[in-house]
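The values are calculated or read from the model by the stated rules, or taken from the named source; none is laboratory data. Keep in mind the model is a prediction, meaning the values are calculated, not measured. Glycine also receives a Cβ, built like all others from the backbone with ideal geometry; neighbour counts cover every protein chain displayed. For accessibility, only protein heavy atoms count, side chains too; no ligands or nucleic acids. Shrake-Rupley method; radii C 1.70, N 1.55, O 1.52, S 1.80 Å.
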Amino acid sequence: MKIENIEIDIIDIDLTRPYTIAYKTTSSIKTLVVKIILSDGTIGIGASNVSKYVVGLDTTDSYNNSKEYIDHLKGKDIDSFWMIINDIENEFIGDPGSKAGFNLAVYDAFCKSLGISIGKFLGRKIKSLPTSITVGIKNTEETISEINEYLGMGFNHIKIKLGNDVDEDIRRINIINEKFGSKIKIRIDANQGWSLDDTIRFYDETKHIELIEQPLSVKDLGNYLKFPSKIKDLIALDESLVNFKDAIKLSSENFGKIFNIKLMKCGGITTGQQIANQAYQNNIDLMWGCNDESIISISAALNTALSFENTKYLDLDGSFDLERDIVSGGFNLKNGVLQPLDSPGLGVKLL
Ligand SMILES: [Mg+2]
């Protein structure tokens, strides 16, 4: 089936719940949308929203690069799936936003043309998993009230953003632990805000922490090697793990036992799979994270995540706080557990 046309767009979406992390506050996002239209009218859809701080360019840059690529794909046969995917991989090595947008749209179009879900195409290893939901940097009272709200919605894996001041971070987490006990599982994201000593102190002076994301700066990578192994077991590498090259480096020695893969860092399903396989072969567990993203790319991440048996943690809450989306569907969310819909392609419906 021929690729008849390609449409790309960039849309602004407000967040219903603006939030603060160690290096920024976010209240709205831009999303790149790629639509691949096949000759029988089938539409494959992809989306991306990258973080310039993490990948070096923003979604508007990706939009501009994507525009120039449209003519290159038009007229190609979607049955030459791997040729097209490889072409996209090689065209957008330094631009994960464009790569993800096109990668997802091609997967969606191809699977729809076969009448199968992406979950089936990738091969499902895990039926469903709970996702964490994130509380930004807030005072203790606001944090407690937001956790209560999430508990009421059925979530019990809570990711708490820290990293401004380790003394205050320890104090807050101990109050939260005392208040909620075993009712919640706590994941920490320090977003590069701590030193080696801060992290060790945090570990020693708190309890019941499921994992700690990227405590040290990307510039401080060598210090990850100095953590004792009981701390390394809890370290999830996020900003230090952008692409496949990083995965090779970070699996060559024990920098941390968890990789946080985001399709918005590595540029889509294909590179995500490469990183996941590299992790699997080195006994590294997987966490799948996200930016603030459309249901389109969250569904892609969820399906990819559930196709790897070393996937242990989902952190795919990125579509919950969008004021609007351009699709519905993709997955079911029940009591904090995400399960993909098994309709063709990504299982999303354009609104
Ligand atoms: Mg993170």
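Find the centroid of the Cα atoms in segment 134-161 and in segment 1-44, then give the distance between the two in whole Å.
Segment 134-161 and segment 1-44 have Cα centres spaced 28 Å from each other.
Could you give the length gained by full extension between residue 218 and residue 164, i.e. 0.36 nm per residue of separation minus their alpha carbon distance, to one decimal place?
Here the segment from residue 218 to residue 164 would lengthen by 17.8 nm.
In sequence order, what are the phi-derived ³J(HN,Hα) couplings for segment 127-140 according to the Karplus relation 6.51 cos²θ - 1.76 cosθ + 1.60 with θ = phi - 60°, rounded to whole Hz, with x for glycine and proline?
Rounded to whole hertz, the list is 6, 6, 8, x, 9, 7, 10, 9, 9, x, 6, 9, 6, 4.
Please say if segment 62-146 is rounded, prolate or oblate, where rounded means a/c under 1.5 for a ≥ b ≥ c the square roots of the C-alpha gyration tensor eigenvalues, and otherwise the choice is prolate for a/b larger than b/c and oblate otherwise?
Oblate is the answer for segment 62-146, as a/c is 1.5 or above yet b/c matches or exceeds a/b.
For helix 196-205, what angle does its Cα long axis make with the longest principal axis of the chain, in degrees from 0 to 90 and rounded to 10?
Orientation of helix 196-205: about 70 degrees from the principal axis.
With n ≥ 4 as the cut-off for DSSP H runs, can you work out [θ] at 222 nm for the chain, using -39500 (n - 2.57) per run divided by the number of residues, rounded to the nearest 500?
-10500 deg cm²/dmol
Only four residue types carry charge here, +1 at the Cβ of Lys and Arg and -1 at the Cβ of Asp and Glu. Report the dipole size of segment 82-196 about the Cα centre in Debye, rounded to the nearest 20.
The dipole magnitude comes to about 740 debye.
What's the angle, to the nearest 10 degrees (0 to 90), between helix 295-305's Cα axis and the longest principal axis of the chain?
Helix 295-305 and the main axis of the chain meet at about 70 degrees.
For segment 96-213, go through all pairs of different Cα atoms, get the mean of 1/r, take its inverse, and jot down that Kirkwood value in Å.
16.8
Using C-alpha positions alone, give me the convex hull volume of segment 3-115 per residue in cubic angstrom.
Looking at segment 3-115, the number lands at 107 Å³ per residue.
How are the Cα pair distances of the chain distributed, in percent, across 10 Å bins from 0?
Reading the bins upward from 0: 6, 26, 35, 23, 8, 2, 0.
Under a 10 Å cutoff between Cα atoms, tell me which one of 268, 154, 256 has the largest fluctuation in the Gaussian network model of the chain.
Between 268, 154, 256, it is 154 that shows the largest mean-square fluctuation.
Would you kindly derive the ³J(HN,Hα) couplings of segment 5-19 from the backbone phi angles with the Karplus curve 6.51 cos²θ - 1.76 cosθ + 1.60 (θ = phi - 60°), listing them in order in whole Hz, with x for Gly and Pro?
7, 9, 10, 10, 8, 10, 10, 9, 10, 7, 9, 6, 9, x, 9
Ignoring ligands, DNA and RNA, what percent of the accessible area of the chain is carbon or sulfur (1.4 Å)?
That fraction is 46 percent.
If contacts are Cα pairs under 8 angstrom and at least 6 residues apart, what is the relative contact order of segment 3-115 in percent?
30
Based on the mean of other beta carbon atoms within 10 Å per residue, what is the order of 134-140, 187-193, 35-41, most packed first?
The most tightly packed comes first, giving 187-193, 134-140, 35-41.
Can you give me the angle between helix 81-91 and the longest principal axis of the chain, using Cα atoms only, in degrees from 0 to 90, rounded to the nearest 10?
On a 0 to 90 degree scale, this one is about 60.
With respect to the cross-link table entries 207/232; 127/249; 127/262, which display a Cα-Cα separation exceeding 27 Å?
Exceeds cut-off: 127/249.
If you take the beta carbon distance between residue 151 and residue 225 as r and set R0 to 41 Å, what does 1/(1 + (r/R0)^6) give as a FRET efficiency, to the nearest 0.05?
0.65
So if I place +1 on the C-beta of Lys and Arg and -1 on the C-beta of Asp and Glu, and nothing else carries charge, what would the dipole magnitude of segment 106-158 be about its Cα centre? I want it in debye, nearest 20.
Dipole about the Cα centre, nearest 20: 600 debye.
Please find the FRET efficiency linking residue 12 to residue 67, where r is the Cβ-Cβ separation and R0 is fixed at 22 Å, and quote it to the nearest 0.05.
Computed FRET efficiency for residue 12 and residue 67 comes out at 0.80.
Could you give me D for segment 243-316, from Stokes-Einstein at 10 °C and 1.306 mPa s, where the hydrodynamic radius is the Kirkwood radius over C-alpha pairs? Units µm² s⁻¹, please.
In µm²/s, the coefficient is 133.
Hey, could you get me the Stokes-Einstein D for segment 1-65, Kirkwood radius over alpha-carbon pairs, 10 °C and 1.306 mPa s, rounded to whole µm² s⁻¹?
117
To make sure I understand the rule: partners must be lysines, Cα under 19 Å from the Cα of residue 35, and not fewer than 8 residues away in the same chain. Which ones qualify?
Leaving aside lysines fewer than 8 places away in the same chain, those within reach of residue 35 are 2, 67, 74, 76, 99, 112, 349.
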